[in-house]
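The values are calculated or read from the model by the stated rules, or taken from the named source; none is laboratory data. On a predicted model such as this, the values are computed, not experimentally measured, just so you know. Quick reminder, even Gly has a Cβ in these numbers, built from the backbone with ideal geometry, and neighbours come from all protein chains shown. We work out accessible area using only protein heavy atoms, side chains counted, and drop any ligands, DNA or RNA first. Shrake-Rupley method; radii C 1.70, N 1.55, O 1.52, S 1.80 Å.
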Amino acid sequence: MTGGQNLPAPPGTAVPTGRHTASPPVLPPPQPSHTAKPRRPWWALAGTAVLAASVAGGLFLTGTLPLKNEPKATTAGQVVRSAAGWQSVAGVSVQRGDRITVQFVSGEWTANYRTLPMTGPAGYDANADKLPVGTKACKVKGSAPYGALLARLVGEEDFPVHTVGRRFTFRAAADAALQLGINDAAGLCSEDNKGTLTVQVSVTHQS
């Protein structure tokens, strides 16, 4: 062969064209995308369990147990007239074991407007008993001050008379009606009485 001459390639031999063809890159298969979910801390899970157990067990968020047989109180206002004797308290019912509280609110009265000054629920002092109008015969309760506020229960039994003064609390021995009055017997003794007292009566029922 002569220099500089290109001889034809033998049959079956690949002839280079002068251009290189790049093969497509081999990519890894796409991976499924997973969105990371935030994990709840263990103390949050524990708190949820405790709350669920508390609700199921009857606990409140305050951490106190629900009260059972909670006492129910009935309250009523009453005006007690000095010249009317015993007066029943309207708006309350008294049952055995109830706690009764009578509390003075306002007002004044007198057991004899001719000779005695106005006084409050505590009544007069010991000197009033020495006056002619302050005789023991007119007292409803001999050991209580003359003109004091009194309370009693009325029913099938004989109940004691209580000296209320400004405030008094006692238990009901049986089902009965509550009455209030002045320590000055009704009738001739109370004809010269004047004035009224306003009190608040509270009856707490044990259910």
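Full extension of the segment from LEU188 to ARG99, taken as 0.36 nm per residue of separation minus the current Cα-Cα distance, would add 28.6 nm. Cross-link reach is defined here as a Cα-Cα straight distance under 15 Å, omitting same-chain residues fewer than 8 places apart; for LYS136 the aspartates and glutamates meeting it are ASP125, ASP184.
Each residue of the stretch 154-167 is assigned a 3J(HN,Hα), and the resulting list reads 10, x, 6, 9, 8, 10, x, 8, 9, 8, 7, x, 7, 6 Hz, derived from the Karplus form 6.51 cos²θ - 1.76 cosθ + 1.60 (θ = phi - 60°), x at Gly and Pro.
Residues GLU191, GLU156 ordered from highest to lowest accessible area at a 1.4 Å probe: GLU156, GLU191.
Here's how it looks for LYS194: its modeled amide H is under 5 Å from those of THR110, ASN112, TYR113, which are all 5 or more places away or on a different chain. Amide H to amide H, with H built 1.01 Å from N, GLY165 comes under 5 Å of LEU149, counting only residues 5 or more places away or on other chains. Among the trypsin sites (Lys or Arg not before Pro) found in the stretch 81-119, those both in a DSSP coil and sparsely packed, with 12 or fewer other Cβ atoms within 10 Å of their Cβ, are ARG96, ARG114.
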